[in-house]
1. Among the listed residues LYS50, LYS71, LYS54, identify the single one that is at pLDDT 80 or above, among the basic types (Lys, Arg) and surrounded by fewer than 17 Cβ atoms within 10 Å (Cβ to Cβ).
2. Could you list, ordered by first residue, the pairs with Cβ atoms under 6 Å in which the first is in segment 61-81 and assigned to a loop (DSSP other than H, G, I, E, B) and the second is of a type in the set (Phe, Trp, Tyr), at least 6 apart or interchain?
3. If you go through segment 105-124 one residue at a time, do you hit one that is modelled with pLDDT of 80 or more and in a loop (DSSP other than H, G, I, E, B)?
4. Only one of these conditions is not met by ASN188: (1) more than 16 Å from TYR117 (Cα to Cα); (2) at pLDDT 70 or above. Which number is it?
Amino acid sequence: MIGQKSHLANIDVWEQWREERILEAKQALIETYLPLVEYVSNRLSIGLPKNVLKEDLSSCGVMGLIDAIEKFDYQRGLQFETYASWRIRGAMIDGLRQGDWVPRSVREKAKRIEDAYQKLEQQYLRSVTDAEISAYLQVSEGEFQQMVQDIAVTTVCSIDDPIREEDSETRLSLLIDEKAKNPESKVNEFYLKDTLAQAIERLTEKERTVVSLFYYEELSLSEIAEVMSLSPSRISQLHSKAILRLKGHLSRLKTQLFYN
């Protein structure tokens, strides 16, 4: 992956673009980092409906890459590949949402399950079972599993989403200059890591494995299916339940994390 290569290798090109606004330098940067679009597209396309074309994702991704190149400050010490990947992914998801790719009924199912995880795990102070969630939702376990399968695509989260619905601050705004000394950011970072650790502990063993392989080892869901000897649809369900469980846990602590 191109992300393994530091943007410092292209420092002269960045200087030509940022300082002198030479269009040839901008084009060179686009061509250099274009593989990022394909990489993000390949990961994001897994689990999406068949009517979503990979070419459409890539088109939106290119616009995200261009936006990232125009806004990136190479002197801040951040890795461009990380910044651009978030921008590319956000542009792709924004494009999907503009195309109304998820029916309202599916989003409502996702919200119901997320709320169920939040309330039950707060009540029992442990990871709740599928049977307990099904009973709370007044559906059979089979119907619950189908609901999870239906909402698999909604567990994709844009970096440009607001942290809280009533606020304008986004996850992207939390990216900080690692060279800067900011005590408040350090405190928020500590609480964020601690809360995430608590939330991940609430996941089942299989859910934790899927999250680890997908987000840390960067395997695709199909690759994880092979590793765990499960079907891709089962891996998709485990991923969806893990994300909904995490969101349910974190939603109770958003104010503490970001508005301490």
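1. Details: LYS50 fails: at pLDDT 80 or above; LYS54 fails: at pLDDT 80 or above.
One residue alone meets the criteria, LYS71.
2. Close Cβ pairs satisfying both conditions: PHE72/PHE80; PHE72/TYR83; TYR74/TRP14.
3. Within segment 105-124, none of the residues are modelled with pLDDT of 80 or more and in a loop (DSSP other than H, G, I, E, B).
4. Result: ASN188 fails condition (2) only.
The values are calculated or read from the model by the stated rules, or taken from the named source; none is laboratory data. Since this is a predicted model, take the numbers as computed values, not measurements. Positions of Cβ are generated from backbone atoms using ideal geometry, with glycine treated the same way; all protein chains shown enter the neighbour counts.
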